Amino acid sequence: MAIQDTPLRYASRLCAPATYYDLIEPVGGTDRPPLVLIHGGAHTGACYLGTPDGRPGWAQVLAQHGYRVIVPDWPGTGRSGYVDHNLLDNNRVCDDLGRLIASLGRKAIVLTHSISGGFGWQILEQHGAHIEKLVAVAPGEPGNIQPVAQILARDGDIVTVRRRTGSSEFTVNLREPMAPSRELVEHKLIGTGTRFPRAFAAQYGASLVAIPPRMIYQRLNVEGSQHKVADFTNFRGKRVMVLVGTHDLDHPVDVDRPIAEWLNSVGARADFVYLGDRGIHGNGHMMMLESNSDELAGLIADWIEAD
């Protein structure tokens, strides 16, 4: 039977106190570890469930590779229970996602993307006993190595900072979630790559959700607020993949390669995978939605199974 023909079973569940997740697995079960796909900012777990042009998402493709795939929505986001945005920060999200991972009954493979890359380092530190491997797709840096953002202006809870990559300035209003702007969609999420199905850009943009403001503040490392790993016990010997495309404006090689180098320096066993080195070109930030998404899911599965 070809991988694409593997019949799948779908279910939805809630992990206390309020984390919704989709479960997709081969009919008949599997002996492979569970695979948890954590979405990035402005998205829900739906970004792993289908592409804008209607193809199956990474969740289905990886389930067809034999994995029990768990796709949560961040607490307070999507179909997870309501949480006041003033209470939503990296710690709350990591606590709830860590609780979900610990509930799965065996060590899991965890995949993060973008903002949730920062969650990955924190969850690995705090819940690493329940994690077998970590895949970080265009990940946020740990506070250990991310430069502190330069504050250009402050008006109460409204802070404007200078970023190192991408847009030169970014304004965060801690009083309200940030609705995705047209600029965010066109210049960061889609960007200059050639793989995104641009005919569906408007439909994709309409599907996005607001980002809790304190999580943006932490992602930008304003006032050193991004989490810094202090205990590296769970990093030692841990296999980690850092995956980056050729056309991701916020994740050039000279920013993301040092993440893998830092991981190796603290005892992890990290691989930096730049798609250009594999002869794969044109991928931007949202590679799970792009035209070669099946190929990239296969690349991830191959890495997981190689060791």
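Annotations
- Among residues of the range 75-87 that are over 14 Å from ALA42 (Cα atoms), those with a beta-carbon under 8 Å from a residue that is modelled with pLDDT under 90 and assigned to a loop (DSSP other than H, G, I, E, B) at least six positions away or on a different chain give the pairs SER80/ALA18; GLY81/PRO17; GLY81/ALA18; TYR82/ALA18; VAL83/ALA18.
- Note on the range 275-307: among residues that are charged (D, E, K, R) and outside any helix (DSSP H, G or I), the one that is farthest from THR192 (Cα to Cα) is ASP307.
- Considering each residue of the range 243-254 in turn, none proves to be buried (at least 18 other Cβ atoms within 10 Å of the Cβ), under 16 Å from the mean Cα position of the chain (by Cα), part of a helix (DSSP H, G or I) and not hydrophobic (A, V, I, L, M, F, W, C).
- Residues in the range 1-60 that are touching a strand residue (DSSP E or B) at 6+ places or on another chain (Cβ under 7 Å) and of a type in the set (S, T, N, Q): THR6, SER12, THR19, THR30, GLN60.
- Filtering the range 227-238 for residues that are crowded, with 18+ Cβ neighbours inside 10 Å, acidic (Asp, Glu), at negative phi and in contact (Cβ under 8 Å) with a residue 24 or more places away in the chain leaves an empty set.
- Remark: LEU152 falls outside the filter, which requires a residue to be within 26 Å of MET288 (Cα to Cα), among the hydrophobic types (A, V, I, L, M, F, W, C) and touching a residue at least 12 places away in the same chain (Cβ under 8 Å).
- In the range 37-66, the residue that is nearest to LEU100 (Cα to Cα) out of those that are free of Cβ contacts under 8 Å to residues at least 60 places away in the same chain and either small (Gly, Ala, Ser) or assigned to a loop (DSSP other than H, G, I, E, B) (or both) is GLY45.
- Those residues of the range 26-44 which are touching a helix residue (DSSP H, G or I) at 6+ places or on another chain (Cβ under 8 Å) and buried (at least 22 other Cβ atoms within 10 Å of the Cβ), in sequence order: LEU35, VAL36, LEU37, ILE38, HIS39, GLY40, GLY41, ALA42
- Of the strands (runs of 3 or more DSSP E) lying entirely inside the range 104-193, those carrying at least 3 residues that are within 16 Å of ASN221 (Cα to Cα) are 150-155, 158-162, 169-173.
- A residue that is more than 30 Å from TYR21 (Cβ to Cβ) and out of contact with any strand residue (DSSP E or B) (no Cβ under 7 Å at 6 or more places or on another chain) cannot be found anywhere in the range 128-138.
The values are calculated or read from the model by the stated rules, or taken from the named source; none is laboratory data. Just so it is clear, the model here is predicted, and its values are computed rather than measured. Backbone-built Cβ (ideal geometry, glycine too); neighbour counts: all protein chains shown.
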